[in-house]
Amino acid sequence: MKKRFVLFLVLATFIVLPLSVSAAPVSFSDDDGDGVYENDAAISMGQFGNIEEGDMTWEYTDEEAGEKTWTISFVTSHQYIYFSLIPDALDIDSVVVSGTGFALLDQANAGDGMVDVMIESANNGGGEVTITVITYDNADEGCQLSVSPLNLDCSVQVSGLYFDNSGNVITAEEYAEVCGNVTPDDPNDVPNSQTGSVIPYIAIGGGLVAIALVYFLSKKANKVYKI
């Protein structure tokens with residue numbers, strides 16, 4: 001009974017752990033009192049760059065209706081930028097991309113109100129990109145928006161683009177050669193969040209090893225007891 005209980009605890013720990021991994025929350029401040037809220041710390045966009053302090057802002061454009069306008073700006077050297085917009089107690093209404101040569105290439109609902117966004121640069125990358133997001137509050141408080149970079153490495157997007165292990169566009173033939181161990185038909189098989197989604201796979205592997213170790217030691221202890 002004791003052995004089964006220990007095995008249960010180990011297994012439960014490593015099943016629950018992956019579910020707790022999420023993007024870090026974004027804090028905002030309005031130190032100047034001008035009604036425009038801005039991020040008070042830099043936000044990582046993974047391989048695409050950083051949103052520096054003060055470069056992600058929001059303000060009410062219709063407070064009675066709960067309408068907010070968010071502006072997100074950062075400098076990148078990548079031709080393609082891929083990220084998730086993660087709402088908390090608000091609904092995403094629209095996404096507009098601007099900046100020298102940048103345009104919205106693809107946008108898809110990712111469940112739970114999240115939106116995955118793909119941006120393309122016509123000048124092969126380089127420069128500042130600005131994303132404008134319109135949202136509507138659906139609660140009285142805690143209405144925030146987070147940004148989480150997604151990994152393009154060795155992936156195939158719905159736009160039909162193939163990416164190598166450095167996030168560069170390649171042909172289907174090159175993809176098969178460079179990323180042959182990844183199934184092109186299901187890019188979601190690859191951990192695609194640079195904010196920590198690789199951790200669950202490591203945790204699951206560690207959990208299996210731990211369970212096997214506990215089982216081995218318990219069997220060994222039983223054998224000694226029987227002698």
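The values are calculated or read from the model by the stated rules, or taken from the named source; none is laboratory data. Keep in mind that this is a model prediction, so the values were computed, not measured. All Cβ positions, even for glycine, are placed from backbone atoms using ideal geometry, and neighbour counts span all protein chains on display.
The table below lists the values:
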quantity: Selection status of Glu53, modelled with pLDDT of 90 or more and assigned to a strand (DSSP E or B); calculated: no
quantity: Contacts under 8 angstrom Cβ, first residue in the stretch 83-106 being in contact (Cβ under 8 Å) with a residue 12 or more places away in the chain and outside the structural domain of Asn50 (by TED's automatic domain parsing), partner part of a strand (DSSP E or B) and surrounded by 14 or more Cβ atoms within 10 Å (Cβ to Cβ), 6 or more apart; calculated: none
quantity: Candidates Ala110, Ala122 - the one that is modelled with pLDDT under 95 and farther than 19 Å from Asn168 by Cβ; calculated: Ala110
quantity: Selection count, the stretch 78-130, where residues are under 17 Å from Met56 (Cβ atoms) and in contact with a helix residue (DSSP H, G or I) (Cβ under 7 Å, 6 or more places away or on another chain); calculated: 1
quantity: Any chance Phe28 is closer than 25 Å to Asp112 by Cα, modelled with pLDDT under 95, not assigned by TED's automatic domain parsing to the domain that holds Val133 and not hydroxyl-bearing (Ser, Thr, Tyr); calculated: no
quantity: Pairs where the first residue, in the stretch 157-169, is closer than 19 Å to Ser77 by Cβ and the second is of a type in the set (Ser, Thr, Tyr) and in a loop (DSSP other than H, G, I, E, B), C-beta under 6 Å, 6+ apart; calculated: Phe163/Ser155
